[in-house]
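Participant: Sending over a structure as structure tokens; questions will come in a sec.
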Amino acid sequence: MIRALHSIRTLHLGASISLIALIMLCVSWELWLAPLKPGGSMLVLKVLPLLIPLFGILRGKRYTFQWAGMLILLYFTEGIVRAWSEHGLSATLAFLELVLSLIFFGCVIFYAKWIKSHPSNKS
């Protein structure tokens, strides 16, 4: 029981941290670090869909974890494409986006599974 509670809290924390890190990465990437155009690009708007599940993830809502797992696959795909097609810092940032999206995906999938099988242990 205590181990399950610890696992649920760890997955919740992992999902929250990776989502916030991904939001910060996307904003800094497209505005300052390696934007498509000097001075920033409108591609920074790609962060807006990540803001939709943020509060549900922070509050530990199982339904949000379930659908956010599907949303994150868009960022996973972008990370693969840009890591493969770009060079330099932009390729490194794309790889980091790929890693963060994988961490988030793993955390939300297992969190939703744990919460479903242990509903009394919801964090």
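Participant: Within the range 55-64, count every residue that is aromatic (Phe, Trp, Tyr) and at pLDDT 95 or above. Before you say what the answer is, go through the steps one by one.
Facilitator: Pass one, the range 55-64, residues aromatic (Phe, Trp, Tyr): 55, 63.
Okay, now just the ones that are also at pLDDT 95 or above, so 55.
Selection size over the range 55-64: 1.
Participant: What number of residues in the range 81-90 are on the phi < 0 side of the Ramachandran plot, exposed (fewer than 15 other Cβ atoms within 10 Å of the Cβ) and not hydroxyl-bearing (Ser, Thr, Tyr)? Break it down stepwise before answering.
Facilitator: At the first step, the residues of the range 81-90 found to be on the phi < 0 side of the Ramachandran plot are 81-87, 89-90.
The next check asks that each one be exposed (fewer than 15 other Cβ atoms within 10 Å of the Cβ); those that pass are 81, 84-85, 87, 89.
Those still in the list that are not hydroxyl-bearing (Ser, Thr, Tyr) too: 81, 84, 87, 89.
So the count comes out to 4.
Participant: Follow-up. Going residue by residue through the range 95-109, is there one that turns out to be surrounded by 14 or more Cβ atoms within 10 Å (Cβ to Cβ), more than 11 Å from the chain's Cα centre (by Cα) and acidic (Asp, Glu)?
Facilitator: There is no residue in the range 95-109 that is surrounded by 14 or more Cβ atoms within 10 Å (Cβ to Cβ), more than 11 Å from the chain's Cα centre (by Cα) and acidic (Asp, Glu).
Participant: Kindly provide the set of residues from the range 53-64 that are over 11 Å from the mean Cα position of the chain (by Cα), within 13 Å of Leu11 (Cα to Cα) and hydrophobic (A, V, I, L, M, F, W, C), ordered by number. Full working, then the answer.
Facilitator: Just the residues of the range 53-64 that are over 11 Å from the mean Cα position of the chain (by Cα), to begin with: 55-56, 58-64.
Still in the list and also within 13 Å of Leu11 (Cα to Cα): 58-62.
Listed by number, the list holds a single entry, Leu58.
Participant: Continuing with this model, one more query. Tell me the residue from Gly88, Gly79 that is of a type outside the set (A, V, I, L, M, F, W, C) and under 12 Å from the mean Cα position of the chain (by Cα), please. Break it down into steps so the answer makes sense when it comes.
Facilitator: Details: Gly88 fails: under 12 Å from the mean Cα position of the chain (by Cα).
After ruling out the rest, the residue left standing is Gly79.
Participant: Among what's in the range 46-70 and is over 24 Å from Ser28 (Cβ atoms) and of a type in the set (Lys, Arg), pick the residue that is most open to solvent (accessible area, probe 1.4 Å).
Facilitator: Arg59
The values are calculated or read from the model by the stated rules, or taken from the named source; none is laboratory data. Note that the structure is a prediction, hence the values are computed from the model and not measured. For neighbour counting, all protein chains shown are included, and Cβ atoms are generated from backbone atoms with ideal geometry for every residue, glycine included. SASA here: full protein model, heavy atoms, side chains in, ligands and nucleic acids out. Shrake-Rupley method; radii C 1.70, N 1.55, O 1.52, S 1.80 Å.
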